[in-house]
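The values are calculated or read from the model by the stated rules, or taken from the named source; none is laboratory data. The model shown is predicted, which means the values in this text are computed figures rather than measured ones. Backbone-built Cβ (ideal geometry, glycine too); neighbour counts: all protein chains shown. These accessible areas exclude ligands, DNA and RNA; they are computed on the full protein's heavy atoms, side chains included. Shrake-Rupley method; radii C 1.70, N 1.55, O 1.52, S 1.80 Å.
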Amino acid sequence: MTTATTTTAAPFAGRVLAQARFEAGILLRNGEQMLVSIILPLMTLVGLTLAPFPDLGEHERIDVVAPGVLGLVVMSTAFTGQAIQTGFDRRYGVLRYLGTTPLGRGGLLAAKGVAVAAVLVLQLAVLAAVAVAMGWRPQLAWLPVAILTLALGTWCFVALALALAGVLRAEAVLALANLVWVLLLAVGGVVIPATALHASADAVVRWLPSAALGDGLREPLLHGGLPLLPWLVLVVWAAAATVLAARTFRWSD
């Protein structure tokens, strides 16, 4: 007599969490990713806080720089890291394979989002602790507003990462994602406010998602206000990138 063994797939939430743990482990073990998402933001935090330039206005430098560095961490993990990892997963057929498993394509994308959020919590905690040790005193009553801004920024930059990684070849994604990160750090208004740039540049930069993320964190944590315009900019970019990614994303080369 033979006994038939029936196996069933785990519940959807369980499959997503299992894949999210795997994705988060890859992000945390990636040395290049840790350089971009932890080491370089730390260097930016310390350097801009101690340097006498550029002019950041009447507030303490750490109070202006720290919220922007938190935004930089979101850009690093949600955009640069996710774009590169997804691009190479697509190149090596990982995405196509996982899309045919019980996890499904929707579960895979959900797992990537959960993994990014989990890793970001750790990274933001480290950067915030260092900033507080350096004298940062954010307005804690407005912390929920800042958390909402971080969530919108994560959505926006993950969507942009998938839109980029779903179309270009992995090598092009690697080069372009790193180039965009450097440009947004330098002149994108995330760490250095757009108002500190030339007036003509400010009129353009403030509409970038990087500037919206930086301003959306500085407004509540520095000024104690609602960042309505930055939220609007982030939502528009996030929605447009989501639609673009959904229409153009290719699961294999």
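Can you give the relative contact order of segment 145-219 as a percent, counting alpha carbon pairs under 8 Å and 6+ residues apart?
After rounding, I find 34 percent.
Excluding PHE88 itself, calculate the net charge of residues whose Cβ lies under 15 Å from the Cβ of PHE88, where each Lys or Arg counts +1 and each Asp or Glu counts -1.
Values: positive: ARG29, ARG90, ARG91, ARG96, LYS112, ARG169, ARG250; negative: GLU23, GLU32, ASP89, GLU171, ASP253.
Surrounding charge for PHE88 is +2.
Under a point-charge model restricted to the Cβ atoms of Lys and Arg (+1) and Asp and Glu (-1), what is the dipole moment magnitude of segment 37-125 relative to its Cα centre, in debye to the nearest 20?
Around 760 debye, computed over segment 37-125.
Restricting to Cα pairs below 8 Å that are 6+ residues apart, what does the relative contact order work out to for segment 194-253? Please round to a whole percent.
24
What net charge do the residues around PRO227 carry, taking every other residue with its C-beta under 10 Å from that of PRO227, with Lys and Arg at +1 and Asp and Glu at -1?
Net charge in that neighbourhood comes out at -1.
Can you order the peptides 225-233, 69-77, 25-33, 145-153 by their average number of other Cβ atoms within 10 Å per residue, highest first? Mind dumping the intermediate values first?
On the way: 225-233: 17.0, 69-77: 28.0, 25-33: 14.2, 145-153: 21.0.
Highest mean packing first, the order is 69-77, 145-153, 225-233, 25-33.
Given a 1.4 angstrom probe, I'd like the percentage of the accessible area of segment 100-181 that is carbon and sulfur, rounded to a whole number.
79
Any idea what the dipole of the chain comes to, in debye rounded to 20, about its Cα centre with Lys/Arg Cβ at +1 and Asp/Glu Cβ at -1?
Rounded to the nearest 20 debye, it is 940 debye.
Within 15 Å, Cβ to Cβ, of GLY99, how many net charges do the neighbouring residues add up to if Lys/Arg are +1 and Asp/Glu are -1?
My count for the surroundings of GLY99 gives +4.
Looking at the calculated P(r) for segment 90-172, what percent of the C-alpha pair distances fall above 23 Å?
Value for segment 90-172 (Cα pairs over 23 Å): 40 percent.
Rounded to the nearest whole Å², what accessible area per residue is found for the chain with the 1.4 Å probe?
Details: 12190 Å² over 253 residues.
Per-residue value: 48 Å².
Using Cα centres only, tell me the gap between segment 183-232 and segment 12-53 in whole Å.
With segment 183-232 and segment 12-53 each reduced to a Cα centre, they are spaced 22 Å.
Using the 2.2 N^0.38 Å rule of thumb for compact globular proteins, work out how segment 1-143 stacks up: its C-alpha Rg over that value, please.
1.39
Where does segment 152-195 land on Rg/Rh, using Cα atoms and the Kirkwood Rh?
1.04
State which helices in the chain qualify, where a helix is a whole DSSP H run, it must extend 27 Å or more along its own axis by its Cα atoms, and its mean Kyte-Doolittle hydropathy must be at least -0.5.
Values: long enough: 104-133 (44 Å, 1.89); 143-165 (32 Å, 2.23); 228-248 (30 Å, 1.78).
Helix filter hits for the chain: 104-133, 143-165, 228-248.
With the Cα gyration tensor of segment 177-231 in hand, convert its eigenvalues to equivalent ellipsoid semi-axes via √(5λ) and list them largest first in whole Å. Mind dumping the intermediate values first?
Details: eigenvalues 71, 31, 17 Å².
The answer is 19, 13, 9 Å, longest axis first.
Compute the relative contact order of the chain as a whole-number percentage, counting only Cα pairs closer than 8 Å that sit 6 or more residues apart in sequence.
28
Run the helix sum for the chain: -39,500 (n - 2.57) per DSSP H stretch of 4+ residues, divided by residue count, reported at 222 nm to the nearest 500 deg cm²/dmol.
Values: 12 runs with 172 residues, N = 253.
Calculated at 222 nm, the ellipticity per residue is -22000 deg cm²/dmol.
Express in % the proportion of alpha carbon pairs of the chain at distances exceeding 25 Å.
Everything past 25 Å amounts to 43 percent.
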